[in-house]
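Participant: Dumping the structure here so I can ask a few things about it.
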Amino acid sequence: MRGKWAAGIEPRSFTWVFRGRLAVSERPGGATLVHRRVRRDEELLWLKHQGFTRIISILPAMQNLASYTDHGIAAGHYALRQGPDQRAVLLACYEDLHQALAGEDVVLLHGDEVSDRLLGLVAGYLVWAGRIASPTMALAMTERLFRRSIGPEGRSLLLELPASQS
């Protein structure tokens, strides 16, 4: 492959949370109804060229994980659903994210789209990891970073906040 497509294409709604370490985007290849394998491969190629070494998915089902590993990118999956197990899933996701960021990994965190739920997870991680002192500040910082407000579904994740890292 030659030309401008040789390095792939940036995933939609791509935003750095910590530049060079943690980013958020919609699922490589697009959301469920408009998902395209060719686009997924182009976006995974771009992620690989940008140095991403780990993808963490919060999709309800394990979709595309084999594609990530086929492109040489490690993957983790945390089915973030409402229910009694949500706190345990959040804790496992936060621990995976924290361990990856403590090492040398460059991580992409994604859902089907950049939803309130995904942004609530980001804000929750910032509090859980001790990077921001309060849920209110974490919400404000996340809303400013993504240039949109976080609705009730995302805010509810902060009520499910597991015991902090520190």
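Participant: Conditions: (1) surrounded by 14 or more Cβ atoms within 10 Å (Cβ to Cβ); (2) at pLDDT 90 or above; (3) closer than 26 Å to Leu159 by Cβ. Gln86 meets all but one. Number of the miss?
Facilitator: (2)
Participant: Only helices (runs of 4 or more DSSP H) wholly contained in region 1-119 count here; list those with 1 or more residues that are over 30 Å from Gly130 (Cβ atoms) and in contact (Cβ under 8 Å) with a residue 40 or more places away in the chain. Spell out the reasoning first.
Facilitator: Numbers: elements: 37-49, 65-70, 86-102.
Output list reads 37-49.
Participant: Within region 95-102, is even one residue surrounded by 14 or more Cβ atoms within 10 Å (Cβ to Cβ), in contact with a Gly (Cβ under 7 Å, 6 or more places away or on another chain) and not basic (Lys, Arg)?
Facilitator: Yes - at least one qualifying residue is present in region 95-102.
The values are calculated or read from the model by the stated rules, or taken from the named source; none is laboratory data. No experiment lies behind these values; they were computed from the predicted model shown. Note that each Cβ is placed from the backbone with ideal geometry, even for glycine, and that neighbours are counted across all protein chains shown.
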